[in-house]
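Input: a single structure, listed below in structure tokens.
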Amino acid sequence: ISRIGVLTSGGDAPGMNAAVRAVVRTGIYHGLDVFGIMRGYQGLMEDDIYQMEGRSVANIIQRGGTILKTARCKEFYTPEGRKKAYEILKQRGIEGLVVIGGDGSFRGAVAFSQEYDIPVIGIAGTIDKDIYGTDFTIGFDTAVNTAVEAIDKIRDTADAHDRLFIVEVMGRDAGYIALHSGIATGAENILVPERKTDLKDIINSLQEKERRKKLVNIIVVAEGDEYGGAQNVANLLKEHLPKAEARVCILGHIQRGGAPSCLDRLIASRMGYHAVECLIEGKFNVFVGILNNKMNYVPLENVGKKKGTISEEWMKIVKILAS
Ligand code: ATP
């Protein structure tokens, strides 16, 4: 193998740049030509591709976003779209591809690798941490820390006014950002998509707290929760708690931005390095995960497998510590 390409795809995540840097520099260290593909699968099909040097990735390890840009690409769902992508790679002489993205990007890689003989290595880059077979995904740690910082600030104002705040965090169908940021900020309740929450329990506990004059409460809601997000939860609660001064805050895209945390830079560097090693060693069509602090090479097809769940233990801790 002498020429490889790297792209970032799907939702952006802080730390993607650190992974791109690691792929480029490891590739060059091994004497490979490394090509940066702009805007994910979209740029691949449009031949928006540039050769990268060691210097092309200077001064980016600390930057959020992705210098390669990212996109969602409808055409790649079709065999014709993937054929176009293959032809471009053939023309360019690119013999291996590193895809940095979430589970959707990996599903695209699976479809492509089943049709064509260009090996693909995935690197899990998503703030949602919703990928089977890895303890870490690039961007999660930064996003959680951003959420923690924001919720701490919300608690200050909630405290000043004796208010109930219902804060929505990202995560799509996964509740990890909600769980981690909620525990770390002492949230009174956390609603996650993985577990059913009876609103009656929350109402009872808020009424009981009202009797004890504990009026400052923070409820962290994952965007994919069963009630459809923080605004809906607030509306339902207000029906039963007319006196509560409830406010809703949707943290939104700030969770995707900002300088990546130290942990995200470390895992991105490690995964990027091992992704190139995989291509050189001929380990194909896997993504590079980290499990129990060891590299874990997971077949890309396994991406649809059941992800981690949120244990009873965590939910018990939330309940006891918030009483
Ligand atoms: P995030 O989880 O952060 O949103 P993601 O990688 O899951 O990131 P998606 O939008 O689901 O984001 O997927 C990115 C791109 O991967 C899609 O726009 C599409 O081009 C390609 N893709 C996703 N699923 C498939 C599939 N089943 N077949 C072919 N291509 C796919």
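What to note about this one:
- Filter result (in a helix (DSSP H, G or I), away from the ligand (no atom under 11 Å from the Cβ) and not charged (D, E, K, R)) within the range 87-112: Ile88, Leu89, Gln91
- Which listed residue, of Thr66, Thr26, Thr70, is in contact with a Phe, Trp or Tyr (Cβ under 9 Å, 6 or more places away or on another chain), among the β-branched types (Val, Ile, Thr) and farther than 22 Å from Gln114 by Cα: Thr26
- Sub-9 Å Cβ pairs linking a first residue in the range 237-262 that is in contact (Cβ under 8 Å) with a residue 24 or more places away in the chain to a second residue that is β-branched (Val, Ile, Thr) and in a loop (DSSP other than H, G, I, E, B), at least 6 apart or interchain, are Gln255/Ile127; Arg256/Ile127; Pro260/Ile61, ordered by first then second residue.
- Ile88 being of a type in the set (A, V, I, L, M), surrounded by fewer than 24 Cβ atoms within 10 Å (Cβ to Cβ), at pLDDT 95 or above and more than 26 Å from Gly224 (Cα to Cα): yes
- Count of the range 120-156 residues which are under 16 Å from Met271 (Cβ atoms) and part of a helix (DSSP H, G or I): 3
- Cross-chain or 6+ apart pairs with Cβ under 6 Å, the range 195-221 first and polar (S, T, N, Q), then buried (at least 17 other Cβ atoms within 10 Å of the Cβ): Thr197/Leu191; Asn217/Leu164; Asn217/Glu188
- Gly27 within 16 Å of the ligand (Cβ to nearest atom), surrounded by 15 or more Cβ atoms within 10 Å (Cβ to Cβ), in contact (Cβ under 8 Å) with a residue 24 or more places away in the chain and of a type outside the set (Phe, Trp, Tyr): no
- Output for the range 77-116, where each listed residue is of a type in the set (S, T, N, Q) and farther than 20 Å from Phe287 by Cα: Thr78, Gln91
- The set of residues from the range 113-138 being within 13 Å of the ligand (Cβ to nearest atom), among the aliphatic types (A, V, I, L, M), closer than 20 Å to Phe76 by Cβ and at pLDDT 95 or above comprises Val120, Ile123, Ala124.
The values are calculated or read from the model by the stated rules, or taken from the named source; none is laboratory data. If you're wondering where the values come from, they're calculated on a predicted model, not measured in any experiment. Ideal geometry is used to build each Cβ from the backbone, glycine not excepted, and the neighbour counts take in all protein chains shown.
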